[in-house]
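Trainee: Sharing a structure here in structure tokens format.
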Amino acid sequence: MAVDPHVTEVDVKALNREGVHVTSLESLYNWGRSNSLWPLQFGLACCAIEMIAATMARHDMARFGAEVFRPSPRQADLMIVAGTVTKKMAPMVVRLYNQMPEPKYVISMGACAISGGPFRDGYNVLNGIDRFIPVDVFIPGCPPRPEALLDGVIQLQEKIRSQKLSGPDRARHADKSACAEYPVPEYGGGDLSPPYNPEIWSPPPPFGSSDEDESEFET
Amino acid sequence: MQMETNLMSPPSTYLFLSIFLVVAIVFPLVPIGLAKLWSHTFTPAKPGHEKQSSYECGVVPVGSTRIQFKSQYYLYGIIFLIFDVEAVFLIPLAVAFLDLSLGAVLAVAVFILLLLEGLAWAWTKGVLKWQ
């Protein structure tokens, strides 16, 4: 929170007590954009119904500044992948993500978007959107209730507030050389090629490859 | 004589105008410049092939997105104007008809005649014929 290396947290607190609020440009910037997340307006399956419910009067996502659902990726900075991503739909989802301007974030909402959920063994369902695009927040549930989505948004806001604008560990959007577009898989022959993006996802080790797994999963 | 004094107003009026002009130019330019500076310093632009391509709900766009509309659609515009604007004005006219003065009725009649002229034009042009 320190504005300058010479200003310590104690100084800031002392100033706060006197009614003087000190902040850094970075915190102000992050505070502003964390409270105006504009989600891309699209739903893939039943989770989208919960997403809609989260924006309605009872749950009212507008309290967190995330109610302005945009019909175009050009104006959106949050992608809520709400529902089952079929293999046929996955290229569209990745392309939409690519068309969003930086800074952009992804919430993977529900069991299907995380892992394929109940359709995991199906022939036409992608087992997790994190195989192709980087996901910031995973919300478990089938489907997650609107409260869970709100919690996900709050978690994302906390992440945004902690992001750095400069330095070696700066956020991706502040890094000119960091990747902003991810390869779009091709759909054909009933499957995706490649099946996942090896740069951001790798298959977990098979069951029984370590002692821990054996004790837990061996029948 | 009165006109002349009005025209020869004190220079302070023009001073005000020039101040307004400067403010009107500077007011939008400063935020735009600050935003450009911010994006140049902290959040560099990352154009790319996918990102620059036309937004077509995630599908690869086919062909050019510069679609041409037929200029013949202006006929629909004109006929819509005749019937829609007429209806908008005729309903309040019908409500207040008994209280209207002769002048008001004549004014409305002229207005409707003007619109009827457009209808007659469209009729003679053969626009109303179903093809």
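Trainee: Consider residue A:94 carefully, then state whether it is closer than 20 Å to residue A:50 by Cβ, within 14 Å of another protein chain (Cβ to nearest Cβ) and surrounded by 21 or more Cβ atoms within 10 Å (Cβ to Cβ). Lay out the reasoning, then the answer.
Mentor: Working: closer than 20 Å to residue A:50 by Cβ: no; within 14 Å of another protein chain (Cβ to nearest Cβ): yes; surrounded by 21 or more Cβ atoms within 10 Å (Cβ to Cβ): yes.
So residue A:94 does not fit the description; no.
Trainee: Under 9 Å by Cβ, and 6 or more places apart or on different chains, what pairs join a residue from region A:178-205 that is surrounded by 13 or more Cβ atoms within 10 Å (Cβ to Cβ) with one that is part of a loop (DSSP other than H, G, I, E, B) and acidic (Asp, Glu)?
Mentor: If the second residue must be part of a loop (DSSP other than H, G, I, E, B) and acidic (Asp, Glu), the pairs left are A:178/A:102; A:179/A:199; A:180/A:102; A:182/A:199; A:183/A:199.
Trainee: Let me ask something else about it. Among the residues in region A:89-98, are any within 18 Å of residue A:201 (Cα to Cα) and without any contact (Cβ under 8 Å) to a residue 40 or more places away in the chain?
Mentor: Start the filter on region A:89-98 by keeping residues that are within 18 Å of residue A:201 (Cα to Cα), which leaves A:90-91, A:93-95, A:97-98.
Now drop any that are not without any contact (Cβ under 8 Å) to a residue 40 or more places away in the chain, which leaves none.
No; the residues of region A:89-98 include none that is within 18 Å of residue A:201 (Cα to Cα) and without any contact (Cβ under 8 Å) to a residue 40 or more places away in the chain.
Trainee: Got a sec? Which helices (runs of 4 or more DSSP H) wholly within region B:36-131 have at least 1 residues that are without any contact (Cβ under 8 Å) to a residue 12 or more places away in the chain and closer than 30 Å to residue A:97 by Cα?
Mentor: Numbers: elements: B:49-52, B:74-80, B:86-95, B:102-125.
Output list reads B:49-52.
Trainee: So, residue B:56, is that one charged (D, E, K, R) and either modelled with pLDDT of 90 or more or surrounded by 11 or more Cβ atoms within 10 Å (Cβ to Cβ) (or both) or not?
Mentor: Details: charged (D, E, K, R): yes; either modelled with pLDDT of 90 or more or surrounded by 11 or more Cβ atoms within 10 Å (Cβ to Cβ) (or both): yes.
For residue B:56, the condition - charged (D, E, K, R) and either modelled with pLDDT of 90 or more or surrounded by 11 or more Cβ atoms within 10 Å (Cβ to Cβ) (or both) - is met.
Trainee: Let me ask something additional. Can you tell me how many residues in region B:53-62 are farther than 16 Å from residue A:94 by Cβ and either among the aromatic types (Phe, Trp, Tyr) or within 10 Å of chain A (Cβ to nearest Cβ) (or both)?
Mentor: Residues that pass the stated criteria total 1.
Trainee: What are the residues in region A:185-200 that are of a type in the set (Phe, Trp, Tyr) and out of contact with any Phe, Trp or Tyr (no Cβ under 8 Å at 6 or more places or on another chain), if any? Spell out the reasoning first.
Mentor: Taking region A:185-200 and keeping what is of a type in the set (Phe, Trp, Tyr), we get A:187, A:196.
Residue satisfying the conditions is A:187 alone.
Trainee: Could you please find all residues in region A:142-182 being charged (D, E, K, R), closer than 22 Å to residue A:93 by Cα and in a loop (DSSP other than H, G, I, E, B)?
Mentor: First, pick out the residues of region A:142-182 that are charged (D, E, K, R): A:145, A:147, A:151, A:158-159, A:161, A:164, A:169-170, A:172, A:175-176, A:181.
Filter again for closer than 22 Å to residue A:93 by Cα, leaving A:172, A:181.
Listed by number, the list holds a single entry, A:181.
Trainee: Let me ask you something else. Only one of B:65, B:41 is within 14 Å of chain A (Cβ to nearest Cβ), under 27 Å from the mean Cα position of the chain (by Cα) and exposed (fewer than 13 other Cβ atoms within 10 Å of the Cβ). Can you tell me which?
Mentor: Values: B:41 fails: under 27 Å from the mean Cα position of the chain (by Cα).
That would be B:65, the only listed residue that is within 14 Å of chain A (Cβ to nearest Cβ), under 27 Å from the mean Cα position of the chain (by Cα) and exposed (fewer than 13 other Cβ atoms within 10 Å of the Cβ).
Trainee: Return yes when residue A:133 is surrounded by 18 or more Cβ atoms within 10 Å (Cβ to Cβ), within 14 Å of chain B (Cβ to nearest Cβ) and modelled with pLDDT of 90 or more and no when it is not.
Mentor: Details: surrounded by 18 or more Cβ atoms within 10 Å (Cβ to Cβ): yes; within 14 Å of chain B (Cβ to nearest Cβ): yes; modelled with pLDDT of 90 or more: yes.
Yes.
Trainee: Let me ask something else. Can you tell me which condition residue A:119 does not meet? The list is (1) in contact with a Cys (Cβ under 8 Å, 6 or more places away or on another chain); (2) crowded, with 19+ Cβ neighbours inside 10 Å, and all the others hold.
Mentor: (2)
Trainee: Scan region B:79-114 residue by residue and report those that are within 22 Å of residue B:127 (Cα to Cα) and among the acidic types (Asp, Glu).
Mentor: Across region B:79-114, the qualifying residues are B:84, B:86.
Trainee: Please return the ranges of helices (runs of 4 or more DSSP H) entirely within region A:1-120 where 2 or more residues are within 17 Å of the chain's Cα centre (by Cα) and farther than 24 Å from residue B:38 by Cβ.
Mentor: Numbers: elements: A:9-17, A:25-34, A:47-55, A:90-99, A:110-115.
So the answer is A:47-55, A:90-99, A:110-115.
Trainee: Kindly provide the set of residues from region A:73-87 that are surrounded by fewer than 21 Cβ atoms within 10 Å (Cβ to Cβ) and either within 11 Å of chain B (Cβ to nearest Cβ) or small (Gly, Ala, Ser) (or both), ordered by number.
Mentor: A:74, A:75
Trainee: Shifting gears a bit: Could you please find all residues in region A:151-204 being small (Gly, Ala, Ser) and within 14 Å of another protein chain (Cβ to nearest Cβ)? Explain how you work it out, then say what you get.
Mentor: Quick first cut of region A:151-204, residues small (Gly, Ala, Ser) only: A:152, A:162, A:166-167, A:171, A:174, A:177-178, A:180, A:188-190, A:193, A:202.
Across region A:151-204, the qualifying residues are A:166, A:167, A:171, A:174, A:177, A:178, A:180, A:188.
Trainee: Here's another thing I want to ask about it. Determine which single condition residue A:125 fails, assuming it passes every other condition in (1) surrounded by 20 or more Cβ atoms within 10 Å (Cβ to Cβ); (2) within 19 Å of residue B:44 (Cα to Cα).
Mentor: It fails just one condition, (2).
Trainee: For the structure I just gave you, tell me whether residue A:118 is under 19 Å from residue A:198 (Cβ atoms), touching a helix residue (DSSP H, G or I) at 6+ places or on another chain (Cβ under 9 Å) and not small (Gly, Ala, Ser). Please lay out each step first, then the result.
Mentor: On the way: under 19 Å from residue A:198 (Cβ atoms): no; touching a helix residue (DSSP H, G or I) at 6+ places or on another chain (Cβ under 9 Å): yes; not small (Gly, Ala, Ser): yes.
In short, no.
The values are calculated or read from the model by the stated rules, or taken from the named source; none is laboratory data. None of these values were measured; they are calculated from a predicted model. Positions of Cβ are backbone-derived with ideal geometry, glycine not excepted, and every protein chain shown enters the neighbour counts.
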